Every structure is written in structure tokens, then in C-alpha cells.
Amino acid sequence: MATTTHTHPNYMGIFWVLLVLTVVEVGLTFLGLPKMLLGSLLVILAVWKAALVAMYFMHLKFERRTLAMIAIVPFILCLFLILMLLPDLRPA
Amino acid sequence: MSEAAAAHPGVEPAESPLTPDSWGKLGMWNFLAGDAMSFGGLIVGYGILRYSSSSWPPPSEVLGINLTALMTLLLIISSVTMVLALAAVQSGDKPRFKKFMAFTILGGALFLGCQAYEWTHLIHETLPHYKLSFSSHLFATTFFVLTGFHGLHVTGGVIYNTVVLTLVSKGRWGANHVEIAGLYWHFVDLVWILIFTFVYLL
């Protein structure tokens, strides 16, 4: 069948990247960076890690487009959720 | 289907039609999209409550991140053993599948053990020290609701993976079921990566 040529992605390689990113995340919190900078860096790293898990472990990168469309919906809805709640936000 | 194909002999379908293999995956992805909204709602709610609270103790100080970093590592490792188990069962290597699937289940169980230890420690020592409790401060409320909801998912995943290990070993289920269970398990890992950042590190 057509699937015989399908090779698995380099799972161990992804694991090492995830491990290094986690160590970097934890390390960053000890550096005493400005709050905004630290927050942005941590969010970027977390999204990066989550994307790696979805792309390679959940095979989204190699799947038909339909599944990726399903996966992206909750993120768009969460973005709306945040935007809709912003006008009500009052820092205490 | 065959009639339609006969009516348009030159037209190839843009995507292959649903097969018994792919509709299980489609179902799991639909479930995960809904589940992601549950977690999304909880995490966004957490962010908004935290932003509008007058006092919020520094999480890294109260919660500590050493144990949680270890828990993150456990889930990442069990995600890797899950994909290795899938690769093994796809190439027909049952003993290798059983070994890696058992490691995956063990990783999930160890994670739950760490969380049980963490919660006990927080409830009996750390939170009283900071004069926080589930009913007195949103810090504790949001923490227990978020990590508890995730912990329930891990519990479900450990049970699910155990069922998959048993039935695939007996030969009643195939590689397709391992792939679908894998989707759920990696999702639980993915959510923890986000919780680790938003609840513990930030």
C-alpha cells in the first residue's frame, strides 16, 4: 500500500527539544527578568512546546487538513473569549 | 459512491473518504476540540481572576516548581513512550508495544502520585502557612479546579491506556486504537505544558 514508505518522525529528537525548552523555561524564572519580558518569553516557549506535541506526537503535520481545522477552532474561540472579556477587565 | 465515481470518471476526490480507521480519529479530534474549550475557558478564567485580584501570592514561591518540573518531565517522557508503543504495534512488534505501553501507564501513574503528594503538602502545610484556602482565596480555588480537572484527565488516560494495553495484547484491538488513545494522551500532555507555564511559572 501507499503507507509502506511512511517513515516515523524523529520522536527522540522531539523529546530532547521538549526537554531543553522545559529547562530553559525553568531557568528563565531564576534570572530576575522584567515581568513583561519574562511573561512573553514563557508564553512563546509554552506555545512552541504545545505545537511540537501536536505536530509530531499527534501527527497533525502529516494528517489531512480537516483534522488541523478542527484543532484550530478552540484556539480561535479562546481568542474571542479573551477579546470579549477585555472591556470588563479592571486591574485591582 | 461508485455511481458518483462512474458519473465523473476523471474526477478524483480531494480527500480520501472516511474509512473505519479515520472516523475514530475524527471522533477523537472532535472530542479533544471540545475538551480544549473546557480547558481554554478555565485557563482564561484563571487569567482574568488573577489579573483583577488585589493580592496574588507569587506562584513559584507558594507552589514550588521543582516537583512540577519533574511532573512535566514525566508526562513528556510518557508521551514519547506512547509514540514508540504506536510505532512498535504498527510494525507488528507486540512485545515492544507492551513494554512501551506499560511505561506510558507507569508515567501517568507516577504523575498522579506526585500530584497527590503535592496537594497533600499544599493543603496541610503550605497554604495554611500563607493563610490561603480553597474557600478563602481565588489563588487556591483556581489552582485546585485547574490542576484537579487536569488530574482527572490523567486518571482517565491511565485507565484508557490500560484498557488499550489489555485489548491489543489479546488481539481484539489493533494499531488504530493505539493511535486514537495516543491522541488523547498527548493532548493531556499538551494541556499540562500550558498549565505548567500559566499556573506555576508566570
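The values are calculated or read from the model by the stated rules, or taken from the named source; none is laboratory data. Note that the structure is a prediction, hence the values are computed from the model and not measured. Ideal geometry is used to build each Cβ from the backbone, glycine not excepted, and the neighbour counts take in all protein chains shown.
Points worth noting:
Per-residue answers, yes or no, for (1) closer than 30 Å to residue B:170 by Cβ; (2) aromatic (Phe, Trp, Tyr):
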{"residue": "B:90", "(1), (2)": "yes, no"}
{"residue": "B:95", "(1), (2)": "yes, no"}
{"residue": "B:98", "(1), (2)": "yes, no"}
{"residue": "B:105", "(1), (2)": "yes, no"}
{"residue": "B:109", "(1), (2)": "yes, no"}
{"residue": "B:134", "(1), (2)": "no, yes"}
{"residue": "B:147", "(1), (2)": "no, no"}
{"residue": "B:155", "(1), (2)": "yes, no"}
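- Qualifying positions in the range B:157-188 - over 23 Å from residue B:74 (Cα atoms) and either crowded, with 21+ Cβ neighbours inside 10 Å or among the hydrophobic types (A, V, I, L, M, F, W, C) (or both): B:167, B:168, B:173, B:175
- Some residue of the range B:163-183 being more than 12 Å from chain A (Cβ to nearest Cβ) and within 25 Å of residue A:35 (Cβ to Cβ): no
- Residue list for the range B:17-76, filter: among the aliphatic types (A, V, I, L, M) and either on the phi > 0 side of the Ramachandran plot or touching a Ser or Thr at 6+ places or on another chain (Cβ under 9 Å) (or both): B:26, B:42, B:49, B:62, B:63, B:65, B:69, B:73, B:76
- The residues of the range A:63-88 that are more than 26 Å from residue B:46 (Cβ to Cβ), among the hydrophobic types (A, V, I, L, M, F, W, C) and surrounded by 12 or more Cβ atoms within 10 Å (Cβ to Cβ), listed by number, are A:67, A:68.
- Test: residue in the range B:39-47 that is at pLDDT below 85 and aliphatic (A, V, I, L, M): no
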